[in-house]
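Below: the structure, in structure tokens.
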Amino acid sequence: MRTYVTVIVRAREPRFDATAAALLSDVRALGLPHIREIQIDRMYFIKGEVSPETVKALAAAQIVDPVTETFEVVEGLDRRAAGAPAIEVHYLPGVMDPAALTTLRTLRRALAQVGADPRAIDDVRTGRRHVIVGAQSRGELEVVARRLLANDCIERVYLAGFAPEDRLPDRFPEPPQYRFELRRVALRSLDDAGLMKLSREGHLFLSLDEMRAVQAHYAGLKRDPTDLELETLAQTWSEHCVHKTLKSAVEYEGEDFGRPGRVRVRFENLLKDTIVRATREARRDWCLSVFVDNAGVIAFDDDYGVAFKVETHNHPSAIEPYGGAATGVGGCIRDILGCGLGAKPIASTDVFCLAPPDTPADRLPTGVLHPRRVLKGVVAGVRDYGNRMGIPTVNGAIYFDPRYLANPLVFCGCVGLIPRNRIEKAARRGDMIVVAGGRTGRDGIHGATFSSAELESTHVDEFSHAVQIGNAVEEKKVLDALLRARDADGGCLYSAVTDCGAGGLSSAVGEMGAELGAEVDLEKVPLKYSGLRYDEIWISEAQERMVFAVPPSALDRFLAVFAEEEVEAAVIGRFTGDGRLRVRYRGEVVGDLDVHFLHEGLPRSTRRATWTAPPASVVPHAPHVGRATPAADPGSEPGDRHDGAHTRLLDELRSLNVASKEWVIRQYDHEVQGRSVIKPLCGPASGPSDAAVLRPRLDSMRGVALGCGLCPQVSDRDPYWMAVLAVDEALRNVICVGADPEHTAILDNFCFPKCDNEPTLGALVRTCRGAADAAIAYRLPFISGKDSLSNEFSMPPAEAARLGLPQRLAIPPTLLVSAISVIDDVRRCVTMDLKTPGNVVVAASAPVETAGFEAAIALHRKVAALIRFGKVRSAHDVSDGGLLVALAEMCIASNLGLSVDLSGDPWRAMLWEPAPTTYVLEMNEADARSAGLPVVGRVTADAVLAATLGAGKQITWSVAALAQAWRKALSPG
Amino acid sequence: MATVRVLVVRAPGTNCDEETMHGWRLAGASPQLLHIERWIERPTLLREFDVLTLPGGFSYGDDIAAGKVFAAGLTGAILDEIRALVERGGGVLGICNGLQVLVKAGLLPGGTIAPDRVTVTYNASGRFEARWVRMKVCRTDCPFLLDTTFTEMPVEHGEGRVVARDETTLAALETGGHVALRYVDAEDRSADDKGRNADIERPAAERDLRTVAYPANPNGSDAAIAGLCDPTGRILGLMPHPDRHLDPTNHPLWTRRPPVDLPDGLRFFKSAVTFWKA
């Protein structure tokens, strides 16, 4: 008889439960100081034909740590609560639970080892129980659960200890059974209003023009589409897949680009006329694959290329920060695995744009998670997925601005090493279509369009979830198998591969078969549970899947490799060569599309864009987010004629965008794979590195540098300069560690509010032009990019009024530029920590906005050459916070001091402002003189920063005080 | 012996196999990589090797507890083969996840200490921690640590805290020679968190369990233990990664120091190769 048994595991002593200790302080900080203690129990729910005694023996051997943990075994699932106030959290049905999967396999293996039948255990689920000692009401438990412990879009909470106690489930949820029924959509009979209603309610998100094009196509065919066909068209034509806005024709009228006056310009294809043009004009023969694949590839050496891709995962991270960020990392890694015939991931990058974590809780719109929770969640997501994959997270940034409150941005990047003879791929007629990796479930269907009402229902429909939870080990196994199949004796065992991400099989198979056509039998796709409709199988965005085109002659060997790596791989169809995308379910045709209409039928539109510079008076000063009101500063004298400079520097260091990110960085493994040369923190006291350097080949001293540029605050003034400065900053960052500007490529990631209005589209045009102008001037080719153009949040007027926020809460136009650079010999690299007392410090500046591109190009080249020839001991870029902050950071990193005179021009103007195209370099005095660069000061053994800012007066800071301020703002808790 | 033969065993989620193989190769050994399931199919494979290595990573996702599931696979014939390898003079190395596996499989600390007395558990901070640490070699006859007094490598783990069940066990670890490596601070002291010099000569019972303070002791290990070995010294498990310090440019301060000839991680593998070649 099938029964249930529950295993409850807890720490033997509080000192073995650091998570509970951290939670206790968070709970008290919620305004519940009377909570005395928290105890966290891990729960395993086991279904099968096993006695409690057997489970007890299994748990003791397989689950429990004998030194730090104790456990008990209870029959059934619906335990009566012990009376103590407790919050029990279970995953909702259908949500990925990697620990449960592993536990199931482990327990079954243990049964087999003793000669018992492993199938005696049917299934395992997990949960956790938080005993909140001292809680005084059910209301308190509700607050703790909602604010700290559970997210109701993936989890279900059960409260105990106060009436009414929530009843625990007494059985595992049963997936619904599915009866096949082909569904057609009566499209031909609809009028315009009907078309738009269908587009909206069917989650198609197509415009009227696009709906009409689909209607006309089916009118010609004299039939109505199936639901699967409509879904396939909608996904293939989505902004996410084809970048309609960036590729549309745009009539722009407004301010000229980078010079005074107004212009009218027509872009036939905005992306091609700006970003792609920059790549063409850069004429770099080391670009091996640009814009055509899942990632861009540049030459590394004679044998290898390096691939780089940066993705965004904004909406999923807003809803479920941990799962959203983790699957963002996982998705970007799959882009690298699916680049060419597969690249080996060697490094990850992560950039977050968030609202300040100290935002008051009562300032949050309904449905928006607190930024502190978002920050903790996305950091944990990147940590758990990246670390488990064994890919070092080496570079990133965190930028705070209140406008990211409802739309946090999460950028995930990944770099891969790829043999140069594995870059080309093409599915061939007759190749089998193989899906490999995780099983397909209802995860991620329709992305983030679900509503919370659906999720609160206890109906079996709970199997439907838009939020995806990752399973990193599944993806690691896919990685291991893929690289073995790629490098098999006698050649690669497949002719093409792509990742199965947004759009699922529909998108992956559709793309690979775009020329050939394909046929797929959906019942052959391995499923996590029964009950999926055919169209759900087709569009599911379940994680950790790749799609391969495998020649029949190699199929057996291919499947054997995947079986050895414990990766499920299933043949689901073949590439036909007849130009049709034909999808069947148990023999019945459920979709039959012409691939030419699918990939070329999207109507092109012309859009209008305008832009007018805001009056200077309304442009906010660069926001110094999170700057606390300073405490009394013993160093600032009343009537200080330097305008409180002493206090100001400490405040700048404390501000969130400048403050040390060490708390985050140290949670990421940045050294796995042993390639690390320059780490995200450098110097004896962990200063902020400008860029990361690693050696892709362990047997070579060649390296790559990775950096990024991001200055959304400049958008308030002009998105054109925002883009120019982002490119300039990305280049500066890699040059600072010793990169070669002649062997540097860049990536673009546009994050914008909705571009459905002329001014926002105008801002997008200006961003594209700025990025292109800078890239052309610096000869930096764009090799890959991505856009996310719907980052805004609307709320009802009453709520907007209550919160004092606009009804449409939009992010500032944001362009992330990521740079990758090849370095001949990493032993010539430098870090930003000061090295030797007695050396001089020079400031080198040619602000591109005022000095022009020519001067900026010359400066970048000069600095790169000085570093290359070993003339520079430390180098740092002047960015957020200005020149004094850059100097202070160099002191903090090294525990050495500086004595500088910044009273002259142009330094006075850049003391506190981000200064584009400006470097600070430590050199020996003779080298500095012969380089002809202005000396501003000298390194001192005494750990004091002494700066002359104006006539006569010197201000001093102890480096210890600077370091303390810099480290304080963003710390655990 | 012509060359030292090393078997590197990986499981789903192992992710330091490439650099561990590289370390052995650079040191002059002949390493071979094998999936755990292939080994379980033929446990006697180990007889052709001098050293077994379990590299770092997140085997089975660290689900349940780090190393627990991998360790559950090291039973019966596999365990017999490992014991036979050590008895005939061979060695076993576990790095990071490898230490977690060796402890949970009962191979460390071994000797008179029962398997349920020592474990490796969650860091005292409750967080994954990536940083470089400095260690003092306490077991100078361990084949991996010959001619080494202090050594520097990175730790990158969330579950690296070595914990003894009680004071008696901790004392047995010290007296039984199980403490191979101990975290020290920048002044090479294993000082306790009150600043006292908790030198290792004092009886264990009189010592503060936490010894050297965070961050020098990155995970709060009892007695600042960074590495454990069995009574022979030939089974070594350590949380820090010698495989991540094979090149001088791996060291976080290489840009401010004169070049070094032999990075600590490479010294570690070379020490073992010299020992087993003899």
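FYI, it's all coordinate maths here, none of it is from the lab. Everything numeric here is computed off the predicted structure, so don't read it as measured data. Note: ideal-geometry Cβ built from the backbone for every residue, glycine included; neighbour counts use all protein chains shown.
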Response to the item:
Least to most buried among A:Ile121, A:Ile820, A:Ile319, by other C-beta atoms within 10 Å and fewest first, runs A:Ile319, A:Ile121, A:Ile820
Worksheet item: So for region A:222-266, Kirkwood radius off the Cα pairs, Stokes-Einstein at 4 °C and 1.567 mPa s: how many µm² s⁻¹?
Response: 94 µm²/s
Response to the item:
Restricted to region B:5-277, the DSSP antiparallel beta bridge percent, nearest 5, is 60 percent
Worksheet item: What are the ³J(HN,Hα) values, in whole Hz, obtained from phi via the Karplus relation 6.51 cos²θ - 1.76 cosθ + 1.60 with θ = phi - 60°, for each residue of region A:225-231 in sequence order, with x given for Gly and Pro?
Response: x, 7, 4, 5, 5, 4, 4
Discussion item. In whole Å, what are the extents of region A:186-234 along the principal axes defined by its C-alpha atoms, from largest to smallest?
Written reply: 24, 21, 16
Worksheet, complete the sentence: As a percent rounded to 5, the proportion of antiparallel DSSP bridges among beta bridges in region A:505-611 is 70 percent
Response to the item:
Rounded to the nearest Å, the spacing of the alpha-carbon centers of region A:137-153 and region A:265-288 is 51 Å
Discussion item. What three numbers, in Å, describe the spread of the alpha carbons of region A:87-148 along their principal axes, ordered from the longest?
Written reply: 50, 24, 14
Discussion item. Taking 2.2 N^0.38 Å as the expected size of a compact globular protein, what ratio does the Cα radius of gyration of region A:164-311 give against it, to two decimals?
Written reply: 1.63
Response to the item:
At the level of C-alpha centres, the distance separating region A:789-862 and region A:191-235, in angstrom, is 42 Å
Practice prompt. With the Cα gyration tensor of chain A in hand, convert its eigenvalues to equivalent ellipsoid semi-axes via √(5λ) and list them largest first in whole Å.
Written response: 46, 36, 28
Worksheet item: Between A:Ala563 and A:Ala909, what is the FRET efficiency for a Förster distance of 56 Å, r being their Cβ-Cβ separation, to the nearest 0.05?
Response: 0.25
Worksheet item: Listed highest first by mean packing, meaning other Cβ atoms within 10 Å per residue, what order do A:764-775, A:213-224, A:481-492, A:163-174 come in?
Response: A:764-775, A:481-492, A:213-224, A:163-174
Worksheet item: Hey, how many Å between the Cα centroid of region A:489-568 and the Cα centroid of region B:52-103?
Response: 34 Å
Fill in: Segment A:Val935-A:Thr612, length gained on full extension (0.36 nm per residue, minus Cα span)
112.2 nm
Practice prompt. For region A:713-819, just the Cα set please: Rg and Dmax, both in angstrom.
Written response: 16.2, 55
Practice prompt. Please find the FRET efficiency linking B:Ala77 to A:Arg119, where r is the Cβ-Cβ separation and R0 is fixed at 25 Å, and quote it to the nearest 0.05.
Written response: 0.55
Worksheet item: In a solvent-free Debye calculation with one equal scatterer on each Cα, what is log10 I(q)/I(0) for region B:5-277 at q = 0.09, 0.17 Å⁻¹, listed in the order of the q values?
Response: -0.36, -1.40
Item to complete: Under a cut-off of 23 Å between alpha-carbon atoms, report the lysines in cross-link reach of A:Lys47, not counting same-chain residues fewer than 8 places apart.
Response: A:Lys56, A:Lys528, B:Lys68
Worksheet, complete the sentence: For the A:Glu600, A:Asp192 Cβ pair and Förster radius 30 Å, calculated FRET efficiency rounded to 0.05 is 0.80
